[in-house]
Amino acid sequence: MIIFKKAADIGIFLQQKRQNNPKTGFVPTMGALHQGHISLIESARSENDVVVCSIFVNPTQFNDPKDFQNYPITIENDIDLLEKAGCDALFLPAVEEMYPAGLENKKTYALGYLETVLEGRYRPGHFQGVCQVVHRLLTIVPADRLYLGQKDFQQCMVIRKMIELENLPIETVICPTLRETDGLAMSSRNMRLDKEAREKAVEISRTLLHIKSSLIAGDLSELKTAAVEQLNRTGFKTDYVEIADADTLELIGRWDGKRKLVALCAAFLGEVRLIDNMLLQA
C-alpha cells in the first residue's frame with residue numbers, strides 16, 4: 001500500500017492507473033478503523049481494480065469542539081489493517097491540504113429537509129461539514145464507486161444528495177452495518193466506552209430490535225416513547241428514537257403497514273454519543 005499526503009501526488013498515481021481504464025473504489029474514513037471499515041475495503045476490493053482509502057478527521061463536521069479533540073487516533077493500527085485488507089493507496093492529508101483556502105471559505109449545500117431532522121437537528125452544521133469534506137475528497141480521488149456504511153444512515157442519504165446536487169459521476173454503494181457478537185454496532189466511538197458503559201451500550205441495538213419485532217400498522221408514538229424510556233432507564237441520555245420512511249427520511253407517526261421504514265436512535269452514555277439504526281422490514 002502506498003501512502004500519499006498530497007492531493008497532487010495521489011492524483012498522479014490514479015492518473016497512471018487509469019491508463020488501463022480500471023475501476024476505482026474509494027472508502028473515506030476518519031480513522032480509528034474497525035472491522036466495519038474493513039468490510040467496506042473488502043467490498044471495494046471485490047468490485048474494483050484499484051482501492052483507495054482516506055483517513056482525515058474533518059474539523060468542519062464537528063459541532064462540538066470537545067468531540068473533535070477526543071476523537072480517537074490509531075493511525076499505525078489503521079495502516080496495518082488496510083494493508084492486510086488489500087488496500088492499494090491511503091490518502092492521509094493535513095487540514096491545510098484539504099482546505100487550502102482556509103476553514104472559513106467553505107461551500108454550502110442545499111440539503112433541504114435532510115439536514116433539519118435527527119442528526120441535522122441535534123448537530124447543526126454537521127452535514128454541511130460532511131458534504132464539504134466528501135466533495136473535496138471526490139475531486140482529489142475521482143473514483144467510480146464510493147463505499148459507505150449503513151450505520152450512518154442519514155449521512156449516506158446526505159452524501160447521495162450532495163452527489164446529485166453536484167452532478168458527480170460516481171456510484172454510491174451502501175454496505176450493511178457490522179455488529180459485535182452482542183449486537184452493538186461497530187463504531188470508532190466504542191473505543192471511548194469504559195467497561196460498564198460498554199456493557200450498557202448494547203441496549204441501543206436491543207431497543208431497535210424490540211421496535212422491529214413490535215411494529216404493527218397504526219400509531220407509532222407509544223412504541224417510540226417506550227424505547228426512549230427504556231434507554232433512559234439503562235443510563236442513556238437519549239437525543240431521539242424515531243421511525244422514518246427509509247427512502248425519504250420523513251418522520252412517521254402513523255404507519256399504513258406498507259411504507260418501508262427505518263428506526264433510528266442517538267443517545268449519550270456519559271460523554272460518548274452513540275448512533276444506530278435498523279431497517280424494520282425484512
Selection from LEU223, SER205, GLY253, by position along the positive dipole direction of the range 188-274 (Cβ): SER205
For the range 2-175, with +1 on Lys and Arg beta carbons and -1 on Asp and Glu, the positive-most of LEU81, HIS34, TYR109 along the dipole: TYR109
Nearest-0.05 FRET efficiency for LYS66 and THR116, computed from C-beta distance (R0 22 Å): 0.35
Ordering of 42-54, 11-23, 217-229 by packing [mean C-beta count within 10 Å, highest first]: 42-54, 217-229, 11-23
Dipole of the range 121-193, positive direction: furthest Cα of THR181, GLY149, PRO124, with charges on the beta-carbon: PRO124
Bridge type composition, the chain - antiparallel percent by DSSP, nearest 5: 50 percent
For the range 188-274: relative contact order, % (alpha-carbon pairs under 8 angstrom, 6 or more apart): 31 percent
Total charge dipole magnitude, the range 82-230, about the Cα centre, Cβ charges on Lys, Arg, Asp, Glu only, Debye to nearest 20: 120 debye
FRET efficiency, 1/(1 + (r/R0)^6) with R0 30 Å, evaluated for ASN77 and GLN230 via beta carbons: 0.30
Computed helical MRE - 222 nm, the chain, DSSP H runs ≥ 4 contributing -39500 (n - 2.57), nearest 500: -11500 deg cm²/dmol
Counted charge near ASN48, where neighbours are those whose Cβ lies closer than 15 Å (Asp, Glu -1; Lys, Arg +1): -1
Label-point gap, in nm, between ARG160 and ASP219 - each point 7 angstrom along Cα→Cβ: 3.2 nm
Net charge, GLY270 excluded, C-beta distance under 12 Å - Lys, Arg +1, Asp, Glu -1: +3
Hz values of 3J(HN,Hα) by residue in the range 71-85 - Karplus curve (6.51, -1.76, 1.60), Gly and Pro given as x: 5, x, 10, 9, 4, 5, 5, 4, 4, 4, 4, 5, 4, 5, 7
Unit charges on C-beta of K, R, D, E only; dipole of the range 1-132, Debye: 320 debye
Distance from the range 267-282 to the range 79-99 (C-alpha centre basis), Å: 27 Å
Relative contact order %, the chain, counting alpha carbon pairs below 8 Å whose residues are six or more apart: 17 percent
Sequence ranges 73-81, 32-40, ranked by mean other-Cβ count within 10 angstrom, highest first: 32-40, 73-81
Cα-Cα over 19 Å, subset of LYS151/LYS195; LYS17/LYS106; LYS66/LYS106; LYS224/LYS260; LYS212/LYS258; LYS107/LYS161: LYS151/LYS195; LYS17/LYS106; LYS66/LYS106
Cα shape, the chain, gyration tensor, a/c 1.5 rule: prolate
Label-point separation in nm, ARG179 to LYS106, each point 7 Å along Cα→Cβ: 3.3 nm
Within the chain: Cβ-based charge dipole about Cα centre, in debye rounded to nearest 20 (Lys, Arg +1; Asp, Glu -1): 180 debye
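No lab work stands behind these numbers, since they all come straight from the coordinates. Predicted model only: the values in this text are computed from it and were never measured. In this analysis, Cβ positions are derived from the backbone assuming ideal geometry, glycine residues included, and neighbour counts consider all displayed protein chains.
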